[in-house]
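The values are calculated or read from the model by the stated rules, or taken from the named source; none is laboratory data. Nothing here was measured: the structure is a model prediction, and the numbers come from that model. Here the Cβ positions follow ideal geometry from the backbone for every residue, glycine too, while neighbour counts run over all protein chains shown. Protein only, heavy atoms only, side chains kept; ligands, DNA and RNA dropped before computing areas. Shrake-Rupley method; radii C 1.70, N 1.55, O 1.52, S 1.80 Å.
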Amino acid sequence: EGFGITVVEAKRAGLPSVVCPSGALPELIAHRRDGWIANGFDAPAIADGLEWFLTDAERLARAQAAARESAQ
């Protein structure tokens, strides 16, 4: 979904998004703050973003708060 509606919905739910560098998606994400902009379109690039958030509970909590804040 290249228009960003899913990202906005995720932010409202307090979920950081991992997006590929296409369409308007990178414009909706503050990299490593409220989401992750993958450096490509393949599974390893997306996995890097998932790993960034899921391996550190405090980092994930900060990103969740930032996502909610940016949805305002």
Index of the failed condition, residue 66 passing every other in (1) part of a helix (DSSP H, G or I); (2) open to solvent by 30 Å² or more (accessible area, probe 1.4 Å) = (2)
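Hey, does segment 10-33 have a residue that's outside any strand (DSSP E or B) and touching a Cys at 6+ places or on another chain (Cβ under 8 Å)?
no
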What are the residues in segment 39-63 that are acidic (Asp, Glu), surrounded by 12 or more Cβ atoms within 10 Å (Cβ to Cβ) and part of a helix (DSSP H, G or I), if any?
-> 48, 51
Find all pairs meeting these conditions: Cβ atoms under 7 angstrom apart; at least six residues apart or on different chains; first residue within segment 14-34 and polar (S, T, N, Q); second residue outside any helix (DSSP H, G or I) and buried (at least 16 other Cβ atoms within 10 Å of the Cβ).
-> 17/29; 17/35
